[in-house]
Amino acid sequence: MKDQFEAVIGLEVHCQLLTESKAFSGDKASFQSEPNQYIDPLSLGHPGTLPVYNEHAVKLTLKMGLATHSTINERSIFARKHYFYPDLPKGYQISQYEQPICTGGYIEITEGGDPANTRRIRLIRIHVEEDAGRSIHDAESESSLLDYNRSGVPLIEIVTEPDLRTPQEAQITMRTIRQLVRYLDICDGNMQEGSLRCDANISIRPTGSSELRQKTEIKNLNSFRFLERALTYEINRQVSLLQKRQPVAAETRLWDEEAGETRSMRSKEEAHDYRYFPDPDLPPLLVSESLLRTVKTQMTSLPAERVAKYTSDWGLSIHDSEVLTAERDVADYFEDCVSHLIVDGKYPVEQIAKSVANFLMTHVLRTLKGEDARNEEFVVDSARFSQLIELRLGDRISSTAAVSIFEQMLISADAPVTIAEDRALFQIRDTAKISHVVDEVLMQHSDRVATYRAGKVGLIGFFMGQVMAKYPGSPDPKIVRALLEQKLGSNT
Amino acid sequence: MAISIEEVTRVAELARLRFSEEELRRMAGELEKILEYVRKLEEIDTSDVVPMTHVHDDFGTLREDRVEPRISRDEALSNAPDTDGKFFRVPKVIE
């Protein structure tokens, strides 16, 4: 029954830009502090103040435009969007309307990590605007309290075409955008604190139809889960209206997580008339060629490119590549290690990449503090970590020894070689000496030797253990095994 | 094409202004006169003219991203009709 209908979904994603100061004034763009610490007469909407736009905010916006293959408009204009609300002291928000800074472009999303399932989600535009203040309604019964630290913090709004068909796709798109903005240092992507949030537009139509029906808008979704759940709820609600032949009302709705439903916030009849017009206080936003060139040099290689490189040039699996590229700092660290080890050309790059990737994913990632790796300090820097991997690549230490050396590296600044020496963790390759110990062990356990020779070859493990335990330091297990097999096979 | 009383009422609502019946009628007449004057422009063919948003259109001004505090919280709050010492206080608004 549900296959009869499909959803048509578009997203409007708001990202707070990582600038030091606000969009149009010099007060600090930080609101994780005491209320009303960072307030400029301009942020408070005092008469006589004049806005001047932040150059760094332009650069960050251009980065996103480049990353999404958008057309960068050399000239765009600021517009005033009017509404009255105490969190907006000027009575209008500075935004962009008719001529935004970026138009067109697309984002590629991949479902289930399979590149065969890559889909392009087209963008309508990216425009710049400013955030509003924060209202607190539940502290006092008769009043609302206002904090303007957030007032004037620069935002970009990324608007997609209605190209999305499922809540799952919407969620993946949001994740992809979050990964991009974090890679590019555009936004910290903290959805819980609202640095990244989205509104979703959704309508339902018979599957296969190309018409666009009446949509509703769900406001302020600040988690992937809420986005997916709200859209799923809204699809079911609209489908059941359609089946009852009732119209879908044009309205703005809010997701109520506790009740698990969307609720009408206001209908379009009461909708605001924003009366947009070009802001006479601000000259056009001009993107010079030199500014654009500077930004291009500051672009980093994006997750999709890196996954392609890891899989095709370095022979890693798609899964491993995705784990390694999820956070830019991890991907950078991984690549640093690989390039340290590539230099002397001793080992093939596939072997290096595999060895670094395995150790990194199994032992290093868990040592990162905090719940995400953005700006995360790696306890062991990539140069020192590469030295450890090199010892492994040269088979100079066992995999067990590598782990214990790494544990030690976490608490001391010693080079892995020093640690290996101090703790006698180098694999011993002196066949003559090992052979001597092997002979001793076989002599002591002549009864078991007989059992082995009678066909109980599983005893090799026992002999291995005896030799390893008896030998001072760590003999290379491969040599021990070879010697045992050789000696046990012969009757001498 | 006269401006209707309903249109004036709507614009007044959007601007949070309240007028008496008589004022609304007067405004409608005055607005109509202004529009009549501007309507003169419709005599010109502007299909090839790019809408002008600014008189000076060939420069952009950006500022460096630098924190430059100008006023303290106490100074800011001193202008407010009501505060609790940290927040601005306004009559309860719930949308």
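Tabulated values for the structure
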item	result
Positive-end residue of A:58, A:250, A:203, charge dipole of the protein assembly as shown with Cβ unit charges	A:203
Highest average packing first - A:177-186, A:443-452, A:414-423, Cβ atoms within 10 Å	A:177-186, A:414-423, A:443-452
Residue-count net charge about residue A:123 - beta-carbon cut-off 12 Å; Lys, Arg +1, Asp, Glu -1	-2
Threshold 50 Å², segment A:1-34 residues less accessible with all protein chains present than alone (1.4 Å probe)	A:26
Gap separating the Cα centres of segment B:73-95 and segment A:14-77, nearest whole Å	24
Candidate residues A:55, A:129: accessible-area rank, largest first, probe 1.4 Å	A:55, A:129
Occluded residues from segment A:112-149, i.e. those whose accessible area drops by 50 Å² or more once the chain is not alone (1.4 Å probe)	A:137, A:144, A:145
Gain on full stretching of the segment that runs from residue A:362 to residue A:424 - 0.36 nm per residue minus C-alpha separation	19.9 nm
Ranked order, A:262, B:46, B:53 - accessible area, probe 1.4 Å, largest first	B:46, B:53, A:262
Cβ neighbours within 10 Å from other chains - mean over A:77-87	2
C-alpha center-to-center spacing [segment A:121-199, segment A:386-432] in angstrom	47
Residue A:137 accessible area, 1.4 Å probe, all protein chains in place, Å² to nearest 10	50
Carbon + sulfur, % of accessible area of chain B - ligands and nucleic acids excluded, 1.4 Å	57
Residue A:447-residue B:25 pseudo-label distance in nm [points 7 Å out on the Cα-to-Cβ vector]	12.4
Modelled FRET efficiency - R0 35 Å, residue A:212 with residue B:47, Cβ distances, 0.05 increments	0.75
Principal-axis tilt of helix A:167-183 within chain A, Cα atoms, nearest 10 degrees	80
Chain A: calculated mean residue ellipticity at 222 nm from DSSP helix runs of at least 4, using -39500 (n - 2.57)	-11500 deg cm²/dmol
Nearest-10 value in Å² for the accessible area of residue A:226, using the 1.4 Å probe	50
Tilt relative to chain A, helix A:303-312 - C-alpha long axis, 0 to 90 degrees, to 10	30
At R0 = 45 Å, FRET efficiency that the Cβ-Cβ distance of residue A:120 and residue A:486 yields, to 0.05	0.15
Chain B: most fluctuating residue of B:34, B:44, B:71 per GNM, C-alpha cutoff 10 Å	B:71
Residues losing 50 Å² or more accessible surface upon assembly, segment A:48-65, compared with the chain by itself, 1.4 Å	A:52
Stretch gain in nm, segment residue A:138-residue A:161, where the contour uses 0.36 nm per residue and the Cα spacing is subtracted	4.6 nm
Accessible surface of chain A, 1.4 Å probe, proportion on carbon and sulfur as whole %	49
Sum of side-chain charges, residue A:208 neighbourhood, beta-carbon under 11 Å (Lys, Arg +1; Asp, Glu -1)	-2
Accessible area buried at the A-B interface, both sides summed, 1.4 Å probe (Å², nearest 100)	3900
Cysteines in chain A lacking a second Cys C-beta under 4.7 Å	A:102, A:198, A:337
Extension reserve of the residue A:75-residue A:433 stretch, reckoned as 0.36 nm per residue once the Cα distance is removed	121.1 nm
Accessible area of chain A divided out per residue, in Å², using a probe of 1.4 angstrom	45
Shielding by partners, peptide B:67-79 (average Cβ within 10 angstrom, other chains)	5
10 Å Cβ neighbours from other chains, averaged over peptide B:81-92	6
Debye, to nearest 20: dipole size of the protein assembly as shown, +1 on Lys, Arg Cβ, -1 on Asp, Glu Cβ	2080
Helix A:399-411 axis, angle to chain A major axis (alpha carbon atoms, nearest 10°)	50
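The values are calculated or read from the model by the stated rules, or taken from the named source; none is laboratory data. Because the structure is a prediction, the values reported are computed rather than measured. Counting neighbours? That spans all protein chains shown, and the Cβs are built from the backbone with ideal geometry, glycine included. Please note that ligands, DNA and RNA were not included when accessible areas were found on the heavy atoms of the full protein model with its side chains. Shrake-Rupley method; radii C 1.70, N 1.55, O 1.52, S 1.80 Å.
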